[in-house]
Amino acid sequence: MSRFKRVLIFLGTLAAVFVAAVGGLFLTQWTGAQVSTAGQVEFRNALKVPPLARSTVEKDGTRVFDLRMQAGTTEFEAGKQTPTWGFNGSYLGPTLRAARGEKVKVRVANGLDEASGVHWHGMHVPARMDGGPHQEVGAGKTWTPYWKVDQPAATLWYHPHPHGRSETHVQRGLAGMFLVDDAKAGALRLPKRYGVDDVPVVVQDVSFDGAEFDHGKGFLQSTGFLGERTMVNGTLDPYQVVGDELVRLRLLNASTARIYDFGFSDDRGFALIGTDGGLLEKPETLRRVQLSTGERAEVVVRMRAGEKTVLRSFPQDNYGDGWQRRFGGGDDSFDVLELRAQQTLRKSGPLPDVLTKLEVPDGKDSARGRYFGLKMSGINGRKMDMGRVDETVTRGTSETWTVRNEDGVPHNFHVHDVQFRVLEVDGRPPQAALRGAKDTVFVPGGSTVKLAMRFDGPADPSTPYMYHCHLLYHEDQGMMGQFVVVEKGQTSSVKAGGEHGGH
Ligand code: C2O
Ligand code: CU
Ligand code: CU
C-alpha cells in the first residue's frame, strides 16, 4: 500500500470515529432530554398546604402582614436535608389573602445574606410598591410596601425580582400565593374552603439528589433550568384526599422555565373558572390547560366517591420546532398530584352559569399600539438597563401591545401592574383558556399575540414597572424592559440605581 493510501485510510477512520462519536453524543442527548414521570409516581406524601398568613388590622383598617425571607433546610425526602430559602419558614411562603377595597401593608424583612425583594405578581400597585428590581431589599433590611387592593378576586403570587438573580431566588424556594377576594365572587356557589375543596397547587420542577438542588442546564437547550420531577407546595409525590364532589385547584406554575400542559390521567374534562387575573365570564369545560411560567389557572374537577385521578402534565404540540420541543421540555410529561376521593363525598351543586364580567379592555378604545420583539438577546434588540425607560404610557389610557417570538426559543410575556385581554393569537381569536384576564401569556416560537390593557395609574414618572419574559433565566439574561406611567404630557425621570429599599 502506498503511503498516500495509508494516510487516507487513517484520516477516513478518524473522520468516521469522530462522526460516530458526535452522532452518539447527540443521540444520547436527544433521548436523554425527554423526561417523563407519567404512570411512574408512587404518591406517598400527603400534600402540604401553605398556611394562610396571619395578619393584624390597624386602626385605619389597613391589613398588615409580615414576610421574613430566611435560609434553612427542608426534608423533601425522608432523612435528607436540602438547603433552601423560604418566607416565614424554610421553603415557599404562606398564602396572603385580602379583599378588594382593603388597604394592605406587608413588612418584608430580608434575613438572607444577600439582597433580594418581593414582587406582587399580577397585583395592581403603585410603581414604588411593585417590588421589582428598583425595590431590592438589602440583606438585613426591611421594606414595607402598602397599597389599596383594587381588582377582582384572583389567584396572584409573590416572588423575588432582584436584577439578574430571579432564577436562583425563586428556585431556592422564595414564592407564595396572594389571593384576592371580592364580594361578588364570594357570593358565587364555588368551592371555597381553603385547603379542603379550594386547594393551592404550586407546581415546581426539581432535580436533586436529596442533599442539593441541581441548577445545571443541558447544553443543547436555552430555556433555562429543567428538572426531572415535580413538586406541589414543596411536596414530592403528593396526594390530596378529597371529601367533596367538586374540588377547586388553584394552579400556579412557579417553575423557573418549565411549561406545563395540565389535564388528568384519565382524560376527564374539568371546568376552567379562572385565569391569571380572576374569574372567567363563564366556566369552560376543557381537557387541557397550558401554563407557562408565572401563569395561573383555577379549575374545578368533579370526583366520584372512592375514585382516584392524577393531575398530569402532557406533552405539548405548540412548542415551536422539534429541537425546541425536545430540548426545551415540550416532549416531557409529569404526574403532578393524585386526588383520592373518600368513600362518601359531600354533595356539591352545579357550578354557576355566569361567573363575572371581565374588567379588561377589549382593544376598541386603545389610544396606541406598541410592538415587542422577543429574542434571547433582548426585547426589541435591547437588553434590560435599569437606567433606560423603554416605554412611556399615559395614565388612564388603554393600549394594544403586539408581542412576537422572533427567535423560536420558548418565551412568554408578563406585564407588571396590569391585567390584559388576549385579543388575538396569530391573527385569530384566542382559545378558551386565554379568554380571561391575563398578566402573563405564552408566546411559542414563531407566534404573535395581541394584548389590550389599561393603565390606571397612579402616575409616577420616576419609578418604572417591568415587562419581561417570565422564563427566569431569560429575564436574568436581560429579556426585560421598563415602562413608566405618567400624566399626559409628563416625561420620565428614572435613575439607574433605583431607590434601594430598606432602612
Ligand atoms: Cu412574576 Cu416581573 O414577575
Ligand atoms: Cu409581575
Ligand atoms: Cu424567554
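The values are calculated or read from the model by the stated rules, or taken from the named source; none is laboratory data. It should be emphasised that the depicted structure is a prediction, and the values quoted were computed from it without experimental measurement. Positions of Cβ are backbone-derived with ideal geometry, glycine not excepted, and every protein chain shown enters the neighbour counts.
The set of residues from the range 35-63 being over 19 Å from residue 99 (Cα atoms), charged (D, E, K, R) and either assigned to a strand (DSSP E or B) or touching a Ser or Thr at 6+ places or on another chain (Cβ under 8 Å) (or both) comprises just one member, 48.
Please work out if residue 51 is under 23 Å from residue 159 (Cβ atoms), touching a strand residue (DSSP E or B) at 6+ places or on another chain (Cβ under 6 Å) and not polar (S, T, N, Q).
Numbers: under 23 Å from residue 159 (Cβ atoms): yes; touching a strand residue (DSSP E or B) at 6+ places or on another chain (Cβ under 6 Å): no; not polar (S, T, N, Q): yes.
Here the answer is no, as residue 51 does not meet what is asked.
Within the range 293-308, residues that are under 12 Å from residue 436 (Cβ atoms) reach partners that are aliphatic (A, V, I, L, M) and within 16 Å of ligand 3 (Cβ to nearest atom) with beta carbons closer than 8 Å, at six or more positions or on different chains, in the pairs 295/441; 297/291.
Out of curiosity, is residue 436 more than 16 Å from ligand 3 (Cβ to nearest atom), surrounded by 24 or more Cβ atoms within 10 Å (Cβ to Cβ) and outside any helix (DSSP H, G or I)? When the stated conditions are applied, residue 436 passes them.
Given the condition modelled with pLDDT of 95 or more, among the basic types (Lys, Arg), closer than 30 Å to residue 310 by Cβ and not in a helix (DSSP H, G or I), answer yes or no: does some residue in the range 65-80 qualify? The answer is no, given that none of the residues of the range 65-80 is modelled with pLDDT of 95 or more, among the basic types (Lys, Arg), closer than 30 Å to residue 310 by Cβ and not in a helix (DSSP H, G or I). Residues in the range 174-217 that are of a type in the set (Gly, Ala, Ser) and part of a loop (DSSP other than H, G, I, E, B) were compared, and the one that is nearest to residue 94 (Cα to Cα) is 175. Sort out which residues of the range 452-481 are under 16 Å from the mean Cα position of the chain (by Cα), away from ligand 2 (no atom under 13 Å from the Cβ) and in a strand (DSSP E or B), and write them in order of number. Hits for the range 452-481: nothing passes. Looking at the range 356-429, none of the strands (runs of 3 or more DSSP E) lying wholly inside it contains 3 or more residues that are closer than 18 Å to residue 122 by Cβ and touching a helix residue (DSSP H, G or I) at 6+ places or on another chain (Cβ under 7 Å).
Report whether or not residue 476 is away from ligand 1 (no atom under 16 Å from the Cβ) and charged (D, E, K, R). Talk me through it step by step, then tell me what you get.
Details: away from ligand 1 (no atom under 16 Å from the Cβ): no; charged (D, E, K, R): yes.
So residue 476 does not fit the description; no.
If only residues of the range 164-173 that are touching an Asp or Glu at 6+ places or on another chain (Cβ under 7 Å) and either part of a loop (DSSP other than H, G, I, E, B) or not assigned by TED's automatic domain parsing to the domain that holds residue 139 (or both) are counted, the one that is surrounded by the fewest Cβ atoms within 10 Å (Cβ to Cβ) is 164.
Among the residues of the range 318-352, just one is farther than 21 Å from residue 255 by Cβ and part of a helix (DSSP H, G or I), namely 322. In the set (1) within 23 Å of residue 163 (Cβ to Cβ); (2) modelled with pLDDT under 95, the condition left unmet by residue 464 is number (2).
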